[in-house]
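In what follows, a structure is listed as structure tokens, so that the remarks can point back to it.
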Amino acid sequence: MAKFRQNHQNQGKGLQTTFRMVILLFVVIAALAGGFIYYRHALFNKAAPSATVTEDYADRTYLPSSSGEVVNHRYYSLSYMEKYEQAEWTAYMMTREMLNAENVDRNAHFNPDYSVSTRSAYHRDYSNSGYTRGHMVPAADMAFDTLAMRESFFMSNMSPQVKECNNGVWKELEENVRDWTYKAGTLYIVSGPVINGAYKTIGKENKVAVPHSFYKVLLDYEDPERKMIGFVIPNALSEIRLQDYMVTVDSVEKLTGIDFFKNMINDAEEEKLESTINKSNWNVSEKRYQLRVTKWNYE
């Protein structure tokens, strides 16, 4: 009997030890999971700026008016509209130095934007939807820096684009913008969707609105000639020349309800720049147009 009691006591101690080990293992797993979430958040939202950052990025006076939640990433800002699960605008400054920098590798993954308080859309909202994840801030514009590239793949920077638009006319516009930036030295760029009236949605979870079209507004604020231009591009295949999509910034403001560069330019100069365009100041590559209508539209 004494021996039996000893064995029973040992079994009890063994069970207690096993229980403690299970609890300890659970705590370790929870800590690791918490650490991973924190690391992921830090990696994608709070990473330290690289050596290529200039002091100009601390100046956000070029940001437009906003009807959503303004989120400032290191290399661009956005105004997130929860109703539509995408940004009403993205805004950034691009320079010749950025274009001259050696390109980093393109990011491999689309990631939620944890800086959006209401949570951004997810990668899966676009899956099998028939629409591409269209960058509002192009990845190629952010290819000068690893963090900039990573930020450009936040889902808050995406909007549902018809493939032929994303690979075609929108791509042609983005490439011409880089040409114009190189020539000007610095351009301020604002892009976003146009969602007016009835619209369809994608994604069972977040119901992301599908835009009818997209706009892009450019400001060249460098002397000797300051100038602005706007574009409104349909969310569809297009064979129309890019010049035919050039419009005044005033017309984009009326279409979107957004006041562009409101804190950057005095009222008199703003009115002059926004109400007129000179298409000859924005030379469009004929070669790219031919590539679009013969190849890009069908890739």
- Residues whose built amide H sits under 5 Å from the amide H of Gly134, excluding neighbours closer than 5 in sequence, are Ser159, Gln161
- Could you work out how far the C-alpha centroid of segment 139-193 sits from that of segment 254-272, in angstrom? 22 Å
- Tally Lys/Arg at +1 and Asp/Glu at -1 over every other residue whose Cβ is under 15 Å from the Cβ of Gln161; what's the total? 0
- Message: Rounded, prolate or oblate, given the Cα gyration tensor of segment 54-298, with a/c below 1.5 counting as rounded?
- Response: rounded
- Item | All lysines inside 25 Å of Lys279 as judged from Cα atoms, apart from same-chain residues fewer than 8 positions distant | Lys171, Lys183, Lys216, Lys227, Lys254, Lys262, Lys287
- Note on the structure: The ³J(HN,Hα) series, computed from each phi in segment 199-204 with the Karplus coefficients 6.51, -1.76 and 1.60 at θ = phi - 60°, rounded to the nearest Hz and given as x for glycine or proline, is 8, 8, 10, 10, x, 5
- Calculate one ³J(HN,Hα) per residue across segment 268-276 by plugging θ = phi - 60° into the Karplus curve 6.51 cos²θ - 1.76 cosθ + 1.60, and present them in order as whole Hz with x for glycine and proline. 5, 5, 4, 4, 5, 5, 6, 8, 9
- Item | Rounded to whole Hz, the Karplus (6.51, -1.76, 1.60) HN-Hα couplings of segment 249-264, x for glycine and proline | 5, 3, 5, 5, 5, 5, 5, 9, x, 9, 9, 8, 6, 5, 9, 9
- Query: Counting only residues 5 or more places away or on other chains, whose amide H sits under 5 Å from the amide H of Asn235 once H atoms are built in the peptide plane?
  - Reply: Ser213, Phe214
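Only the coordinates and a few stated rules stand behind these numbers; no lab work does. Keep in mind that what you see is a predicted model, and the values were worked out from it rather than measured. Please note: Cβ atoms are built from the backbone with ideal geometry, for glycine as well, and neighbour counts cover all protein chains shown.
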